[in-house]
Amino acid sequence: MRRCIAAAVTALALPLGLIAAAPTAAAGCLYGGPVMGKCDGPVLADGNWERCVTVAQYVPSGFSSHLVPVKRCMLMGPALPPADPNFADPPVHIDG
């Protein structure tokens, strides 16, 4: 009976220890400035990452108007410089 309990505790502790020791996916965001926000995904194996930029788009609506957030994403990295200057700042990965 004690061996079964010890085996069960070991079987549960091993995966929990591996999950706790795993590195986190480093992704971060910057808010404010000329855009509403910029968020980077984790760095991929080839050194690139996905950056999403959220901007406000003006939408006329009858006698009034409103701003709608629009999200655009593209891959960035050392070998993939972005063509849009909104994506280029900062030129490095945003860490969380």
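Every read-out reported here was derived from the displayed coordinates using simple, explicitly stated rules and does not represent laboratory data. A quick note: this is a predicted structure, and the numbers were derived from the prediction, not measured. Because the Cβ atoms are built from the backbone with ideal geometry, glycine has one as well, and the counts that use them run over all protein chains shown.
Structural descriptor for region 24-96: relative contact order 31 percent, calculated from alpha carbon pairs under 8 angstrom and at least 6 residues apart. Within the shell defined by Cβ-Cβ distances under 10 Å, the residues around C39 carry a net charge of +1, with Lys and Arg each +1 and Asp and Glu each -1.
Segment L80..C29, full-extension length gain: 16.4 nm, with 0.36 nm per residue of separation and the alpha-carbon distance subtracted.
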